[in-house]
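S.K.: Could you have a look at this structure, given as structure tokens, before my questions?
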Amino acid sequence: MLKSPLSKVIRTTANHLHRLKELGINTVEDFLTYFPRAYTDSSEMRKINELRTDEVNTSLVQIRSIFMKKTKTGKTLVRAVVYDETGDMPVLWFNQAHLTRMFRPGDDIILIGKIKFDRGVISMMSPGYETPKKELVHAVRIVPVYHETDLGEATDRGARGRISSKWIREKLHPLLAYTPLFKDFLPEEIKKAGNLIDYSTAIANVHFPKDEDTLNAARRRLAFDELFLLQLAALSRKWQWRNAAHEKNLSMPASNEVIKKFVQKLPFNLTKAQERVVKEILNDMEKSYPMSRLVEGDVGSGKTVVAAIALLNAVANGYQGAVMAPTEVLARQHYHTFMKILQRTHGGINIQFIAGSTPQSAKKDILNQMKTGTVDIVIGTHALIQENVGFKKLGIAVIDEQHRFGVKQREILKSYGAPHLLSLSATPIPRTLALTIYGDQDLSIIDEMPPGRQEIITRVVPESKRIDAYRWVEDQIQKGRQVFVICPLINDSEVLEVKAATEEFDRLKSEIFPQFRLGLLHGRLKQSEKDEVMEGFSKGDIDILVSTAVVEVGIDVPNATIIIIEGSERFGLSQLHQFRGRVGRGEHQSYCFLFPTSTSEDATKRLASLVKHSSGFQLAEIDLQMRGPGEVYGVRQSGIPDLHMATFGDVKLIKESRAVAEKIIEKDPTLKDHPELKSKIAEYENSVAVDY
């Protein structure tokens, strides 16, 4: 019955069924697992003389009179007068003519809404309502609130096909009779040890709890399920990866002499954190199963050098290496960097670059080198996982900005002979969150910056100080410095972002800085045009580079000391921190100016955090608490599931669920003794994963 189509079990219109489908609700099971987003407590009943203007009130009253009339604008107005022993009160509804057929004078009615106080008279405008009965659904209880659909076309009976919280409660409540059919997939010992209620009970009580304790128990069970299944799936993938590739034995002993020579020729010393992470990576590469490690490091912490040592070790052991970056801008930057630091010590290394813009003839030649083994390291974009790509002996794959790739894309790289996998991220993710969402990888953190790296002075600039800031920037450019100007994200639309950047470029060029040389960079330029702009900026031929978020990664210009971020509140703290990392790479003091368009409390608080903190990890923690992981890292691009009951801020429950998952995988890695869990993992991953 849980798989029964809703059209068979509830009475509704085709429009409503279509709207439910838009919400992903097709069956009884879908509907019962469509959890509330919030709750309101309307359990306190108030008399008319106790009603408050600043709160939603619930009141049991009797109808004295009710009638309908048309307004001058043609709307239907239903007016009622209700009363109890403390007084009476007018109530108004618009476009709900059916109420005059539902209610008669003398009927009892429960009203839910705010009151208006005007000229000594209180009234209610368009309140919710319910008829007193044995079990109330909309009032005098903890009331669930659901995500709704748009209004659609208004009629006298409300909105055509609209899925409102009230409509959901009315249709869902009778379906609670089906909740005992839910099979509990958690073993009894786990439920007992964790003091968790049955799954079917949790499903029922999360919708219509009798009290706060009942609701908390239901939410805790469902939150545990989400975190537990997420981590169990990751740990299962980790075990399968290691053991499926076990026989291939990619053990690569550390080539100490080669690495020592490389490190000695670097123009700087490795930090203690870099040395620690290099040791962790080289230890992994010596093992009989392939490495799967995530290296997190703040902007400028030196992840690239660490990756270069891993690649060098693979080449020294007779293997090939691959580096994949999410954008061509970043991939080209890596190509130039690796060419510079690796060929300084090992001039014979063959390093190639491949991307979508690579000419077909050159691409064919590089692909041939990859398959014949004559190329040692290939660096590129998604082109590395396209059809007809292959390697003769791939030993290590490095993925930069790994949170921008999906699980499936990473799995394709893994499939090329099951190489060691090293993922890098300059977007700091708190350890607890990283272990949860990337639990199939071991974690290394570079938590130390190279000595001498100066702190970037960050300021929020109000609109009243904009001209003063421009004049100061003008003085800095005249002293030889260069400037980034970042234009804001606009409704996730690249077209609008390009327009915003173009308009800002024209404004600055004609009105503010006509005496300077300006460049424009955005994602819709041809690669040759991007290269020309970036090369001009790097050489100092461009004083001010106006750009969209494409500048976030891939540009390293030591002489650029100022970054201006327009509409700064539209970006997350982690992304703002990455923007800030584009400056401060040379000998001169650098500055980050935030120009917000909103002075809301939330925006002000977040930007103040950026001014106060220079650590990306601290900022990531703050951003995570304020906005949640889906907003911070992007649910669709990072593979972070859009959790319904759980929160990644619940460290205690994360640790509890992980401990249980680790215990199960340790005893039963293939889950052969837990078929219900195995089935639930497959179902859960399909429900939260995005097809990348």
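S.K.: When the dipole is taken about the Cα centre of the chain, and only Lys, Arg (+1) and Asp, Glu (-1) are charged at their Cβ, what size is it in debye, to the nearest 20?
M.R.: Value, rounded to 20: 820 debye.
S.K.: With +1 on each Lys and Arg Cβ and -1 on each Asp and Glu Cβ, and nothing else charged, work out how big the dipole of the range 64-140 is about its Cα centre, in Debye to the nearest 20.
M.R.: 560 debye
S.K.: Still on this structure, I have one more. If I fit a long axis through the Cα atoms of helix 466-478 and take the longest principal axis of the Cα atoms of the chain, what angle between them do I get, 0 to 90°, rounded to 10?
M.R.: Tilt relative to the chain: about 10 degrees.
S.K.: Sticking with this structure for a sec: Specify the angular offset, from 0 to 90 degrees and rounded to the nearest 10, of the alpha carbon long axis of helix 675-688 from the longest principal axis of the alpha carbons in the chain.
M.R.: The helix 675-688 is inclined about 90 degrees to the chain.
S.K.: For the charge dipole of the range 1-68, defined by +1 on Lys and Arg C-beta atoms and -1 on Asp and Glu C-beta atoms about the Cα centroid, which residue among 23, 36, 10 has the Cα displaced farthest towards the positive pole?
M.R.: Positive-end residue among those listed: 10.
S.K.: Another question, then. Using the Cα centre of the chain as origin and beta-carbon charges of +1 (Lys, Arg) and -1 (Asp, Glu), tell me which of 451, 97, 234 is placed farthest towards the positive end of the dipole.
M.R.: The one lying farthest along the dipole's positive direction is 97.
S.K.: Something else about it: Hey, got a sec? Which GluC sites (Glu not before Pro) in the range 552-621 land in a DSSP loop and have at most 11 other Cβ atoms within 10 Å?
M.R.: Counting only loop positions with at most 11 other Cβ atoms within 10 Å, the GluC sites (Glu not before Pro) in the range 552-621 are 587.
S.K.: Still on this structure, please answer the following. Let me have the relative contact order for the chain, percent, based on Cα pairs under 8 Å that are six or more residues apart.
M.R.: 12 percent
S.K.: When log10 I(q)/I(0) by the Debye sum over Cα atoms at q = 0.08 Å⁻¹ is calculated directly from the model, which label among (1) -0.79; (2) -0.63; (3) -0.71 fits?
M.R.: (1)
S.K.: I would also like to ask the following. Could you name the aspartates and glutamates in cross-link range of residue 678, using Cα to Cα under 14 Å and dropping any fewer than eight places away on the same chain?
M.R.: Cross-link targets: 184, 225, 668.
S.K.: Loop-only check: which trypsin sites (Lys or Arg not before Pro) in the range 6-100 are DSSP coil with at most 12 other Cβ within 10 angstrom?
M.R.: Answer in residue order: 11, 37, 52, 72, 75.
S.K.: Here's something else I'd like to know. Grab the other residues whose beta carbon is less than 12 angstrom from that of residue 65, score K and R as +1, D and E as -1, and report the net.
M.R.: Local net charge: +1.
S.K.: I've got another one for you. On a 0 to 90° scale, report how tilted helix 360-372 is relative to the longest principal axis of the chain, with both axes built from alpha carbons and the result rounded to the nearest 10.
M.R.: 80 degrees
S.K.: Using a 1.4 angstrom probe, figure out how much accessible area the range 446-486 has per residue, in square angstrom, rounded to the nearest whole.
M.R.: 57 Å²
S.K.: Still on this structure, I have one more. Round to a whole number: what % of the accessible area of the chain belongs to carbon and sulfur, probe 1.4 Å?
M.R.: Result for the chain: 49 percent of the exposed heavy-atom area is carbon or sulfur.
S.K.: How far is the Cα center of the range 362-377 from the Cα center of the range 1-67, in Å?
M.R.: 62 Å
S.K.: Turning to a different aspect of this structure: Could you grab the relative contact order for the range 223-298? Cα pairs under 8 Å, six or more apart, rounded to a whole percent.
M.R.: Computed value for the range 223-298: 44 percent relative contact order.
S.K.: Quick check for me: using +1 on Lys/Arg Cβ and -1 on Asp/Glu Cβ, what's the dipole size of the range 436-586 about its Cα centre, in debye to the nearest 20?
M.R.: Rounded to the nearest 20 debye, it is 520 debye.
S.K.: Write down the accessible area per residue of the range 214-361 in Å², having rolled a 1.4 Å probe over the full set of protein chains.
M.R.: On a per-residue basis, the range 214-361 sits at 39 Å².
The values are calculated or read from the model by the stated rules, or taken from the named source; none is laboratory data. Because the structure is predicted, anything quoted here is derived from the model rather than measured. We place every Cβ from the backbone using ideal geometry, glycine too, and count neighbours over all the protein chains shown. Each accessible area value is taken on the protein alone, full model and side chains, heavy atoms only, with ligands, DNA and RNA left out. Shrake-Rupley method; radii C 1.70, N 1.55, O 1.52, S 1.80 Å.
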